[in-house]
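Trainee: Got a structure for you, questions after.
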Amino acid sequence: MPPPASAPLRVFVQLSYGYGASDWHTRWKKGEIPGINEPYAYGYYRAAGPEATIIHSEDKAENLFRRLIRYGARLIIGFDFVHAWHNREGILSADVVWTHTEGQAMAVLLLYRLNPHKAHPPLIAQSIWLMDRWPQQPFWRKLISRSLLSRADLLTFHSPENLKKAEAIFPNNRLECVKFGIRADEIKPYAPLPYTPGDPIRILSLGNDQDRDWKTLIKATSHLPDGLSCQVTIATTKKLKRADHVTRVAAANNDQLLSLYDKAHIVVAPLTPNLHASGITVILEATLRGLPVIATDTGGLRHYFDGQSVYYVPPRDPAALKQAILTLMHAPEQRADMVEKAQARIRSDLNSQNYAEKHLSLSQEITAEQPSLSAVIPQNDRKNAQDQKIVIAIATCGRAALLEETVLELFKQSHLPHKVIVCAPTEDDCKGLVPDSRLHILYGPRGASHQRNAILDHVEDADIIIFFDDDFLPEKNYLRECAGVFSIHSDIAIATGRVLADGAKGPGLSLEAARSIIAKAPHPEVTDLPTIEPAWNGYGCNMACRFSIIQETGLRFDERLPLYAWYEDIDFSRRAGRLGRVVRINTARGVHMGSKTGRTPGRKLGYSQVINPIYLAHKGTYPLDHALRSIARNMGMNIFRSIRPEPYIDRRGRVIGNWLAVRDILAGKISPEKILSM
């Protein structure tokens, strides 16, 4: 393990209600928790030591009224937020938080959202059932899950099958497979229950989750050849089909459960196809009690035990399961060898000590990564302000005359740009510009995201890249102020300047008006504004990014946001902001003229106003509550203004586009690209 830190890492483990540290430990000492369990649930406490202090969540005492409130809230939102709220002090004061299931993770992440002004500890969010349940989830539940869980610092899974499915749903998250393990302090050697041919084969099977395949087990053991018979004990709370050879039991305490293991020849874990390693706890417990195991080959169980340690059979195949039982009962040496190999696997890897230590190791990684720009920007590579190479990127369409004036202004900056790179759909869009060593012209598909990515693919040498709209006029010291801030504050990833006036919110501003606004603006030193202040996202009309981030991560604009690419700047800056601060530089000023030429038609833009925020919330770069507020604001404004629309805005077209997007969302179709065929 890594060497101890100067101070122990404070870890808070948020578990489900009923798994609180005090209550669990009391019941564990009394033997009231069936199974090979830990003094504190799941053994996370084993990571405690010089490197970490482990604190578990506690269950708040409830009367009937409080319980109904908690259950009601859980029913509505799908997870137990009230329990997380009661543990908020421990969660928010920790250095890192661990959760055991996706429900607890979402509750913690919602707590973070409701405390936006507090520093949030990194979260290791474990998921168990979500990927199996994902296809059956309604779209709004998927939206909430993706919006919250995509904000976790690390998503972990017990099974590689789970992780593989999650890669498509959480493409921007770090994912890890962490093998589950249980207490292996006492391992019972293989000491088989005596068996004489002709005696009933004693089979034990256990479990309550939805993936137990009792039907296949009962059918496989109903009629054995050569007069053989089975006595099957199934420990479950689920209802079973009646069969003379099957006994259903419910172990009330740990002693009763362990005695069931000790009275069996074989343990069978019959499973329906799943992704989450269902049955792994039973397999581990049976192995620790010295019993051979037959299991359905599903859920990634081979990630834990190979075919020499566990006898695997195909899903829903009674004949194969019957043959496996007969084979093992006639091969005592094979049973002994299986148990020996499986127990060696538990000793070396599949135990709660390793499980807890893996969580600690991951925690040390993600907490060490918090000042992550230090790895991207080595100290000896940082430059003085005057040495900063700034590349300006302009995506343009249909504004050749205005573009020419804007580019001329850029070469009047007090800190000259290293290069200005313009990307346009056609030559007519750049008429009047003459390329040279500092002015490069590219051609690419129409669309802000496509054109900006074409520019990024072209840049080879830069310290800062600034994305300007073709109708943004910067003050003459804009680049100098950016260079100074980026050179001093090495933790800044994205910066946006101060917009003195935004013509996009009205009929637009002329070039002369923009120059006049800049000329009349008070000097930055006489204002009360700080040089820099936190910003939630960069504004695409003037957005600076540290180029080393783009080089190291391959960051690009999302090309699923076509044409005007509504909110592509939010998506890009929020992703870049995971590696550093996002700020506003109040001394880097300019005017966004908001030209109305070259704009996306009303219906298409209206569609993007609704579908793009939902797509980004689904993707995880835009919180769902932000998305819903944005949609409500734009739809309300379009409907209200459509009564007497402004001559420069197609309000009625936007309203139609808004409602077409709402219809598609309700149908579960979230495709921003649809505007290309509208």
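Rundown of residues vs (1) open to solvent by less than 20 Å² (accessible area, probe 1.4 Å); (2) out of contact with any strand residue (DSSP E or B) (no Cβ under 7 Å at 6 or more places or on another chain); (3) farther than 18 Å from residue 455 by Cβ, yes/no style:
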| residue | (1), (2), (3) |
| --- | --- |
| 503 | yes, no, yes |
| 531 | no, no, yes |
| 544 | yes, no, no |
| 547 | yes, no, no |
| 553 | no, yes, no |
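Trainee: State which residue pairs qualify: first residue farther than 18 Å from residue 615 by Cβ and inside the range 162-180, second residue crowded, with 16+ Cβ neighbours inside 10 Å and among the small types (Gly, Ala, Ser) in any location, beta carbons under 8 Å apart, and separation of 6 or more residues or different chains.
Mentor: 162/127; 162/277; 162/300; 166/127; 175/166; 177/159; 180/277
Trainee: Which residues, counting only those in the range 232-255, are open to solvent by 80 Å² or more (accessible area, probe 1.4 Å) and in contact (Cβ under 8 Å) with a residue 12 or more places away in the chain?
Mentor: If the condition is that a residue be open to solvent by 80 Å² or more (accessible area, probe 1.4 Å) and in contact (Cβ under 8 Å) with a residue 12 or more places away in the chain, then 237, 238, 241, 248, 255 are the ones that fit.
Trainee: What strands (runs of 3 or more DSSP E) lie completely within the range 168-287 and have 2 or more residues being touching a helix residue (DSSP H, G or I) at 6+ places or on another chain (Cβ under 6 Å) and under 30 Å from residue 621 (Cα atoms)?
Mentor: Output list reads 175-177.
Trainee: Here's a follow-up. Buried (at least 23 other Cβ atoms within 10 Å of the Cβ) and part of a helix (DSSP H, G or I): does that describe residue 325?
Mentor: The answer is yes for residue 325.
Trainee: Any idea which of (1) under 23 Å from residue 649 (Cα atoms); (2) open to solvent by 10 Å² or more (accessible area, probe 1.4 Å); (3) in a helix (DSSP H, G or I) is the one residue 618 doesn't satisfy?
Mentor: Among (1) under 23 Å from residue 649 (Cα atoms); (2) open to solvent by 10 Å² or more (accessible area, probe 1.4 Å); (3) in a helix (DSSP H, G or I), the lone unmet condition for residue 618 is (1).
Trainee: May I pose another question? Please specify each residue of the range 216-231 satisfying the condition of being surrounded by fewer than 20 Cβ atoms within 10 Å (Cβ to Cβ) and not acidic (Asp, Glu).
Mentor: 219, 222, 223, 224, 225, 227, 228, 229, 231
Trainee: For the range 594-606, indicate whether the set of residues that are under 30 Å from the mean Cα position of the chain (by Cα) and open to solvent by less than 10 Å² (accessible area, probe 1.4 Å) is non-empty.
Mentor: Within the range 594-606, one or more residues are under 30 Å from the mean Cα position of the chain (by Cα) and open to solvent by less than 10 Å² (accessible area, probe 1.4 Å).
Trainee: Could you give me the residue pairs with C-beta distances under 7 Å whose first residue belongs to the range 634-647 and is in contact (Cβ under 8 Å) with a residue 12 or more places away in the chain, whose second residue is open to solvent by 100 Å² or more (accessible area, probe 1.4 Å) wherever it lies, and which are 6+ apart or on separate chains?
Mentor: 642/652
Trainee: Is it the case that some residue within the range 163-170 is charged (D, E, K, R), open to solvent by 50 Å² or more (accessible area, probe 1.4 Å) and at positive phi?
Mentor: no
Trainee: Quick one: what pairs do we get from the range 543-566, first residue under 23 Å from residue 611 (Cα atoms), second part of a strand (DSSP E or B), C-beta under 7 Å, 6+ apart or different chains?
Mentor: 562/447; 563/447; 565/447
Trainee: Could you count how many residues in the range 131-161 are open to solvent by 30 Å² or more (accessible area, probe 1.4 Å), in contact (Cβ under 8 Å) with a residue 40 or more places away in the chain and either closer than 28 Å to residue 352 by Cβ or basic (Lys, Arg) (or both)?
Mentor: Residues in the range 131-161 being open to solvent by 30 Å² or more (accessible area, probe 1.4 Å), in contact (Cβ under 8 Å) with a residue 40 or more places away in the chain and either closer than 28 Å to residue 352 by Cβ or basic (Lys, Arg) (or both): 7 in total.
Trainee: Given the residues 91, 124, 128, which is the only one that is of a type outside the set (Lys, Arg), modelled with pLDDT of 90 or more, buried (at least 17 other Cβ atoms within 10 Å of the Cβ) and in contact with a Pro (Cβ under 8 Å, 6 or more places away or on another chain)?
Mentor: Step by step, each of 91, 124, 128 is checked, and only 91 is of a type outside the set (Lys, Arg), modelled with pLDDT of 90 or more, buried (at least 17 other Cβ atoms within 10 Å of the Cβ) and in contact with a Pro (Cβ under 8 Å, 6 or more places away or on another chain).
Trainee: Condition first: open to solvent by 20 Å² or more (accessible area, probe 1.4 Å) and in contact with a strand residue (DSSP E or B) (Cβ under 8 Å, 6 or more places away or on another chain). Now tell me which residues in the range 274-296 satisfy that.
Mentor: The answer is 281, and nothing else.
Trainee: Then there is this: Which condition breaks for residue 634 when tested against (1) touching a Lys or Arg at 6+ places or on another chain (Cβ under 6 Å); (2) over 30 Å from residue 167 (Cβ atoms)?
Mentor: (1)
Trainee: I need the full set of residues from the range 431-446 which are in contact with a helix residue (DSSP H, G or I) (Cβ under 9 Å, 6 or more places away or on another chain) and under 21 Å from residue 416 (Cβ atoms), in order please.
Mentor: Those that are in contact with a helix residue (DSSP H, G or I) (Cβ under 9 Å, 6 or more places away or on another chain) and under 21 Å from residue 416 (Cβ atoms): 432, 433, 439, 440, 441, 442.
Trainee: Still on this structure, please answer the following. Within 28 Å of residue 553 (Cβ to Cβ), crowded, with 21+ Cβ neighbours inside 10 Å and modelled with pLDDT of 90 or more: does that describe residue 588?
Mentor: Spelling it out, residue 588 is indeed within 28 Å of residue 553 (Cβ to Cβ), crowded, with 21+ Cβ neighbours inside 10 Å and modelled with pLDDT of 90 or more.
Trainee: Also, quick follow-up: Does residue 651 satisfy the condition of being open to solvent by 30 Å² or more (accessible area, probe 1.4 Å) and basic (Lys, Arg)?
Mentor: When the stated conditions are applied, residue 651 does not pass them.
Trainee: Go through the range 451-489 and give me each residue that's open to solvent by 30 Å² or more (accessible area, probe 1.4 Å), within 24 Å of residue 575 (Cβ to Cβ) and either of a type in the set (Asp, Glu) or not in a helix (DSSP H, G or I) (or both).
Mentor: Within the range 451-489, 457, 460, 461, 463, 469, 489 qualify.
Trainee: Hey, any hits in the range 202-217 for a residue that's over 30 Å from residue 579 (Cβ atoms), in contact (Cβ under 8 Å) with a residue 12 or more places away in the chain, touching a Ser or Thr at 6+ places or on another chain (Cβ under 9 Å) and hydroxyl-bearing (Ser, Thr, Tyr)?
Mentor: yes
Trainee: From the list 48, 21, which residue is without any contact (Cβ under 8 Å) to a residue 24 or more places away in the chain and either open to solvent by less than 30 Å² (accessible area, probe 1.4 Å) or under 27 Å from residue 356 (Cα atoms) (or both)?
Mentor: Result: 48 is the single residue among 48, 21 that is without any contact (Cβ under 8 Å) to a residue 24 or more places away in the chain and either open to solvent by less than 30 Å² (accessible area, probe 1.4 Å) or under 27 Å from residue 356 (Cα atoms) (or both).
Trainee: While we're looking at this one, here's another question. Go through the range 297-319 and give me each residue that's open to solvent by 10 Å² or more (accessible area, probe 1.4 Å), under 24 Å from residue 263 (Cα atoms) and touching a residue at least 40 places away in the same chain (Cβ under 8 Å).
Mentor: 318
Trainee: Across the range 256-273, what is the number of residues that are under 31 Å from the mean Cα position of the chain (by Cα) and either more than 26 Å from residue 195 (Cβ to Cβ) or open to solvent by 40 Å² or more (accessible area, probe 1.4 Å) (or both)?
Mentor: 2
Trainee: Does the range 96-109 contain at least one residue that is assigned to a loop (DSSP other than H, G, I, E, B) and open to solvent by 20 Å² or more (accessible area, probe 1.4 Å)?
Mentor: No: the range 96-109 contains no residue that is assigned to a loop (DSSP other than H, G, I, E, B) and open to solvent by 20 Å² or more (accessible area, probe 1.4 Å).
Trainee: Identify, from the list 74, 70, 10, the residue that is in a strand (DSSP E or B), modelled with pLDDT under 95 and under 27 Å from the mean Cα position of the chain (by Cα).
Mentor: 10
The values are calculated or read from the model by the stated rules, or taken from the named source; none is laboratory data. Quantities reported herein were computed from a predicted structural model and do not represent experimental measurements. When we count neighbours, we look across all protein chains shown, and the Cβ atoms used for this are built from the backbone with ideal geometry, even at glycine. Surface accessibility is based on the protein's heavy atoms, side chains included, excluding ligands, DNA and RNA. Shrake-Rupley method; radii C 1.70, N 1.55, O 1.52, S 1.80 Å.
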